[in-house]
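K.L.:
The structure is given below, and queries will be raised subsequently.
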Amino acid sequence: MGIEPRAGILDIRPYKPGAAEAPGVADPVKLSSNENALGCSPKAAAAFEASAKRLHLYPDGGATKLREAIAREEGLEAENIVCGCGSDELLQLLGRAYLNPGDKVVQSQYGFLVYRLVAMQSGAELVSAPERNYTTDVDALIEAAGDDAKIVFLANPNNPTGTYISDAEVRRLRDALPASTLLVVDAAYAEFVRNADYSAGLELARERDDVVVTRTFSKIHGLAGARLGWAYGNKSIIDVLHRVRGPFNVNLPAIEAGTAAIADRDFMKRSADHNEEWVAWLRQQIGGLGLEVTPSVCNFVLIHFPETPGRTAKDADAFLTSKGLIIRPVEPYGLPNALRATVGKAAENRRLVDGLAEFMRG
């Protein structure tokens with residue numbers, strides 16, 4: 001019979017990253033994984049390279065240097081920060097630490113796929129609250145959570161829709177949840193948002209002991225390959241996460257690169273400026289082709305296609321791939337009629353629009 005894993009594990013469908021290859025195309029344009037179009041900070045790259053001389057040494061298990069750099073730049077307390085191998089690991093650590101079999105986990109309808117993995121890994125029940133116009137509906141989340149949700153995951157802004165809710169709405173959500181429910185605010189794309197009513201949730205996490213915010217170095221900082229993230233919350237939550245994380249869960253090159261990246265505010269601004277310009281351009285250009293584009297504050301756009309044979313999202317994906325343009329199908333999110341496209345370099349964005357125009361012409 002062999003050795004059987006714990007019940008429910010084989011029901012998990014492993015997370016599938018964005019594609020990186022187009023068969024028959026030597027140099028495709030990859031716009032499938034929301035990577036930074038400008039690469040990473042040159043200072044971060046230099047710090048990463050310099051760390052090669054110390055690869056025989058274990059890293060600081062607590063990532064103290066990195067936590068202090070984050071605290072300094074973000075105006076936080078270093079002791080209230082824990083770092084991880086990407087924010088994905090931190091989300092999984094929260095599940096490992098707080099979820100028991102049968103517990104209820106709540107997310108919005110088109111929430112990040114990792115939330116489902118976190119729930120299933122712990123044998124918890126995942127409940128998805130309907131969204132309104134591809135945007136989190138706080139009233140629906142409150143209703144879904146009831147008085148017995150253990151964790152509510154809120155991606156703000158959300159992937160793959162690119163939408164967000166205001167700080168006031170996040171606070172209304174937290175106030176309506178019972179004290180026994182942990183609100184996890186996943187703010188992976190926070191640095192791209194310039195709307196005055198938005199907040200990443202750090203102040204809320206400082207004020208309360210039932211909120212934790214996760215952040216990543218993969219997006220604005222361009223360190224997706226280094227796998228680096230951090231979480232901020234009450235000391236009681238951070239202490240728990242330190243107890244369940246691996247002894248050296250953040251590697252030495254990542255610590256060095258992250259420390260340099262978080263201090264390079266000029267690179268962050270250039271990345272946000274580039275994104276603001278081109279996400280608006282993509283929405284305008286693609287909308288002009290007769291396709292609906294969900295308004296986005298992130299470094300990607302969600303493009304909706306008709307169900308007309310030959311014009312579907314699946315048809316568009318196949319056509320674009322044949323032209324060496326790789327974007328992301330989002331059927332696993334329950335969006336079979338949409339594709340998500342990352343904001344790329346200027347030439348890549350123009351090439352994407354040209355490809356979509358050719359597709360729509362038939």
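K.L.:
In segment 306-356, which residues are touching a residue at least 60 places away in the same chain (Cβ under 8 Å), farther than 28 Å from residue 117 by Cβ and either open to solvent by less than 20 Å² (accessible area, probe 1.4 Å) or in contact with a Pro (Cβ under 8 Å, 6 or more places away or on another chain) (or both)?
P.N.:
Within segment 306-356, 324, 325, 349, 352, 353, 356 qualify.
K.L.:
Name the residues in segment 293-311 that are within 30 Å of residue 187 (Cβ to Cβ) and part of a loop (DSSP other than H, G, I, E, B), would you? Before the answer, list the steps.
P.N.:
The first filter runs over segment 293-311 and keeps only residues within 30 Å of residue 187 (Cβ to Cβ), leaving 293-305.
The answer is 295, 296, 297, 298, 299, 305.
K.L.:
Kindly indicate whether any position in segment 253-261 is out of contact with any helix residue (DSSP H, G or I) (no Cβ under 6 Å at 6 or more places or on another chain) and assigned to a helix (DSSP H, G or I).
P.N.:
Initial filter on segment 253-261 (out of contact with any helix residue (DSSP H, G or I) (no Cβ under 6 Å at 6 or more places or on another chain)): none.
Looking for residues that are out of contact with any helix residue (DSSP H, G or I) (no Cβ under 6 Å at 6 or more places or on another chain) and assigned to a helix (DSSP H, G or I), one finds none in segment 253-261, hence no.
K.L.:
Looking for whichever is among the hydrophobic types (A, V, I, L, M, F, W, C) and closer than 30 Å to residue 63 by Cβ here; the options are 257, 318, 313. Which one fits? Please lay out each step first, then the result.
P.N.:
Details: 318 fails: closer than 30 Å to residue 63 by Cβ; 313 fails: closer than 30 Å to residue 63 by Cβ.
The unique qualifying residue is 257.
K.L.:
Let me ask you something else. Is it fair to say residue 195 is touching a residue at least 24 places away in the same chain (Cβ under 8 Å), among the polar types (S, T, N, Q) and under 17 Å from residue 64 (Cα atoms)?
P.N.:
Numbers: touching a residue at least 24 places away in the same chain (Cβ under 8 Å): yes; among the polar types (S, T, N, Q): yes; under 17 Å from residue 64 (Cα atoms): no.
No; evaluated as a whole, the condition is false for this residue.
K.L.:
OK, next. How do the helices (runs of 4 or more DSSP H) wholly within segment 16-101 filter down when requiring 3 or more residues that are out of contact with any Ser or Thr (no Cβ under 8 Å at 6 or more places or on another chain), closer than 24 Å to residue 269 by Cβ and at pLDDT 95 or above: which remain? Please lay out each step first, then the result.
P.N.:
On the way: elements: 42-50, 64-74, 86-98.
Hits in segment 16-101: 42-50, 64-74.
K.L.:
Does segment 320-345 hold any residues that are touching a His at 6+ places or on another chain (Cβ under 9 Å) and basic (Lys, Arg), and which are they?
P.N.:
First, the residues of segment 320-345 that are touching a His at 6+ places or on another chain (Cβ under 9 Å): 335, 337-339, 343, 345.
Within segment 320-345, 345 is the sole residue that qualifies.
K.L.:
I need the full set of residues from segment 45-63 which are without any contact (Cβ under 8 Å) to a residue 24 or more places away in the chain and more than 28 Å from the chain's Cα centre (by Cα), in order please.
P.N.:
If we filter segment 45-63 for residues that are without any contact (Cβ under 8 Å) to a residue 24 or more places away in the chain, which is where we start, we get 49, 53, 56.
53, 56, listed by residue number.
K.L.:
Continuing with the same structure: Criterion first (within 24 Å of residue 151 (Cα to Cα) and hydrophobic (A, V, I, L, M, F, W, C)) does residue 91 satisfy it?
P.N.:
Working: within 24 Å of residue 151 (Cα to Cα): yes; hydrophobic (A, V, I, L, M, F, W, C): yes.
So residue 91 fits the description; yes.
K.L.:
So, in segment 66-79, exactly how many residues are buried (at least 20 other Cβ atoms within 10 Å of the Cβ) and not hydrophobic (A, V, I, L, M, F, W, C)?
P.N.:
So the answer is 1.
K.L.:
Moving on. Looking at (1) assigned to a helix (DSSP H, G or I); (2) touching a residue at least 12 places away in the same chain (Cβ under 8 Å); (3) farther than 22 Å from residue 133 by Cα; (4) open to solvent by 10 Å² or more (accessible area, probe 1.4 Å), which one does residue 279 not meet, given that it meets all the others?
P.N.:
For residue 279, the exception is condition (3).
K.L.:
Moving to a separate point now. Considering (1) touching a helix residue (DSSP H, G or I) at 6+ places or on another chain (Cβ under 8 Å); (2) within 22 Å of residue 35 (Cα to Cα); (3) acidic (Asp, Glu), say which one residue 89 fails and leave the rest.
P.N.:
Going through (1) touching a helix residue (DSSP H, G or I) at 6+ places or on another chain (Cβ under 8 Å); (2) within 22 Å of residue 35 (Cα to Cα); (3) acidic (Asp, Glu) one by one, residue 89 breaks only (1).
K.L.:
So in segment 80-109, with the set limited to residues that are open to solvent by 30 Å² or more (accessible area, probe 1.4 Å) and under 18 Å from the mean Cα position of the chain (by Cα), which one is farthest from residue 134 (Cα to Cα)?
P.N.:
Of everything passing the filter in segment 80-109, 85 is farthest from residue 134 (Cα to Cα).
K.L.:
Here's something else I'd like to know. Conditions: (1) closer than 23 Å to residue 119 by Cβ; (2) among the hydrophobic types (A, V, I, L, M, F, W, C); (3) out of contact with any His (no Cβ under 9 Å at 6 or more places or on another chain). Residue 55 meets all but one. Number of the miss?
P.N.:
Going through (1) closer than 23 Å to residue 119 by Cβ; (2) among the hydrophobic types (A, V, I, L, M, F, W, C); (3) out of contact with any His (no Cβ under 9 Å at 6 or more places or on another chain) one by one, residue 55 breaks only (1).
The values are calculated or read from the model by the stated rules, or taken from the named source; none is laboratory data. Because the structure is a prediction, the values reported are computed rather than measured. Neighbour counts are summed over all protein chains in view; Cβ atoms, including those assigned to glycine, are modelled from backbone coordinates with ideal geometry. SASA here: full protein model, heavy atoms, side chains in, ligands and nucleic acids out. Shrake-Rupley method; radii C 1.70, N 1.55, O 1.52, S 1.80 Å.
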